[in-house]
Amino acid sequence: MTETDSKSRCFKLADRLEKVPPYLFQVIDDMKADAKSRGIEIVSLGIGDPDQPTPPEIVEELYKQAQINEMQKYPAYRGTDEMRQALTDFYQRRFGVQLNPQTEALTLIGSKEGIANLALAVLNPNDVVIVPDPSYPVYAMNAVFTGSEKYSAPLLRENDFLIDFGAIPDEIAERAKLLWMNYPNNPTSAVAPIEFFNEAVQWAKKYGVIIAHDNPYSEIYQSDEPPPSLLNAEGARDVGIEFNTLSKTYNMTGWRIGMVVGNQDIVQALGRVKSNIDSGVFLPIQKAAIRALNMPSDSVVELRKKYIERRIAVEEVLESAGYDVYHGKGTFYVWVRTPQGKKSFDFVGEVINETGVVIGPGSGWGKSGEGFFRVCLTREPDVLRKYLQVIVEKFPAN
Ligand SMILES: *Cc1c(COP(=O)(O)O)cnc(C)c1O
């Protein structure tokens with residue numbers, strides 16, 4: 001008998017796991033569970049999951065297709081030809097951007113999957129990845145999973161939450177390999193003008209940096225003018241790709257289907273990674289997504305109207321109580337300064353404890369989110385008014 005047979009040793013998990021924080025909403029779930037155990041009724045305005053149903057014709061398409069034997073087999077990992085055609089047709093119709101469906105588009109298992117896997121396609125250890133702060137937590141995980149270095153680019157109110165390229169030090173820019181951007185922006189609701197994307201592309205070309213633009217809210221805007229795609233910027237396709245998804249546009253968060261389009265070398269590199277990790281999206285879901293993308297836009301127009309009404313309702317309640325609200329024009333979030341200069345997590349904890357209402361702590365999306373909170377417009381206006389009224393009564397602005 002050897003030493004190891006007689007004495008059992010403890011296994012060890014990967015070191016990188018120590019750098020993976022619990023997912024933001026896990027922390028909030030724990031706060032909720034605690035309040036619930038004390039008999040408090042919980043109402044969530046915290047997590048960004050649409051309340052409205054997937055339009056019925058999309059669901060029907062899934063039913064129909066799921067019964068066909070050929071549809072039950074392994075799909076092609078890149079997405080079917082028909083699916084990639086539907087994606088590029090959408091980009092043509094919506095943005096006037098013409099893409100080659102064979103080389104410049106890929107189907108994803110939700111955009112989150114592609115956002116995470118992109119790291120394996122473009123980052124080496126010790127490269128720098130520039131991540132906006134605050135931002136969707138998955139971008140920062142790129143650095144953790146590849147041993148690269150994260151540089152946080154603060155999104156500040158005085159810059160309308162746009163990245164300030166002039167503030168990125170030259171030595172960081174020289175080492176940077178990848179830049180993440182997201183407009184309409186989660187969590188701040190800021191929208192970027194085309195001039196900003198033009199500037200971003202020029203900056204990226206100067207330093208040889210890849211731009212990954214995450215655009216899940218491209219259709220969720222509250223302005224008269226639809227926000228642009230990164231691919232509308234001059235020369236964007238030389239350096240950039242864009243992630244998009246059906247999740248928010250068609251209330252399909254649970255379906256897991258998204259897309260990446262743009263620079264063919266980067267898109268193909270991500271495809272190569274994926275072909276060794278997953279086997280694509282269930283074919284009936286691709287069929288349903290094709291149906292969604294080719295539908296008349298009525299459902300999306302209605303959805304936009306709802307979010308406009310809801311944003312107005314939230315802004316009214318908060319502002320008449322003296323809260324400092326950022327007037328964003330996109331996404332279904334409202335970004336607000338905490339009352340009395342409270343720390344984000346303190347305020348969110350107190351609100352859950354005293355009212356049962358769950359809101360998002362700004363600092364959960366990054367240091368520069370400290371002192372803000374996020375409200376989701378995923379409830380009807382009356383419900384939003386009622387619960388925000390409860391909050392402002394308990395927590396005066398000053
Ligand atoms: C919702 C969201 C996503 C994820 O979209 P899926 O396609 O459902 O994975 C990605 N980025 C941001 C900023 C989001 O808010």
query: Quick one: accessible area per residue over the chain, 1.4 Å probe, rounded to a whole number of Å²?
result: 45 Å²
message: Using the Cα centre of segment 56-293 as the reference point, and only Cβ charges (+1 on K/R, -1 on D/E), how large is the resulting charge dipole? Debye, rounded to the nearest 20.
response: 780 debye
message: If you take every DSSP beta bridge fully contained in the chain, what fraction is antiparallel? Give it as a percent rounded to 5.
response: 50 percent
field: Kirkwood Rh in Å, taken over segment 188-262 so that all alpha-carbon pairs contribute
entry: 13.2 Å
query: Contour minus end-to-end for residue 394 and residue 302, with contour as 0.36 nm per residue of separation and end-to-end as the Cα-Cα distance?
result: 29.7 nm
Paramagnetic reach from residue 66 in segment 279-316 [backbone N under 17 Å; point 7 Å along Cα→Cβ]: 281-292
query: Taking the mean number of other Cβ atoms within 10 Å as a proxy for protection, how do you rank 368-375, 55-62, 244-251 from highest to lowest?
result: 244-251, 368-375, 55-62
When segment 56-293 is reduced to its Cα atoms, the Kirkwood hydrodynamic radius in Å: 18.1 Å
- line: Per the charge dipole of segment 56-293 (beta-carbon charges, Lys/Arg positive, Asp/Glu negative, Cα centre), the residue among 216, 263, 120 reaching farthest to the positive end is 120
query: Of all accessible surface on segment 56-293 at a 1.4 Å probe, what whole percent is carbon and sulfur?
result: 48 percent
message: I need the calculated FRET efficiency for the pair residue 386 and residue 276, taking r as the beta carbon distance and R₀ as 35 Å, to the nearest 0.05.
response: 0.10
- prompt: Relative to a virtual label point 7 Å from the Cα of residue 20 in the Cα→beta-carbon direction, which members of segment 142-159 show backbone nitrogen distances below 17 Å?
  reply: 142-148
query: Okay, helix-only estimate at 222 nm for the chain: each DSSP H run of n ≥ 4 adds -39500 (n - 2.57), divide by all residues, round to 500 deg cm²/dmol; what do you get?
result: -12500 deg cm²/dmol
- request: Give me the number: length gained by fully extending residue 145 to residue 30, i.e. 0.36 nm times residue separation minus the C-alpha to C-alpha distance, one decimal in nm.
  value: 38.9 nm
message: Taking R0 as 41 Å, what FRET efficiency do you get between residue 157 and residue 234 from their Cβ-Cβ distance, rounded to the nearest 0.05?
response: 0.90
task: Can you bin the chain into rounded, prolate or oblate? Criterion: square roots of the alpha carbon gyration tensor eigenvalues sorted a ≥ b ≥ c, rounded for a/c under 1.5, prolate for a/b above b/c, oblate for the rest.
output: rounded
- line: So residue 167 and residue 7, fully extended at 0.36 nm per residue minus their Cα-Cα distance, gain in nm 52.0 nm
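The values are calculated or read from the model by the stated rules, or taken from the named source; none is laboratory data. Please read all numbers here as calculations on a predicted model, not as lab measurements. With ideal geometry, Cβ positions are generated from the backbone for all residues, glycine too; neighbour counts draw on all protein chains shown. Remember, those area values only see protein heavy atoms, side chains included, never the ligands or the DNA or RNA. Shrake-Rupley method; radii C 1.70, N 1.55, O 1.52, S 1.80 Å.
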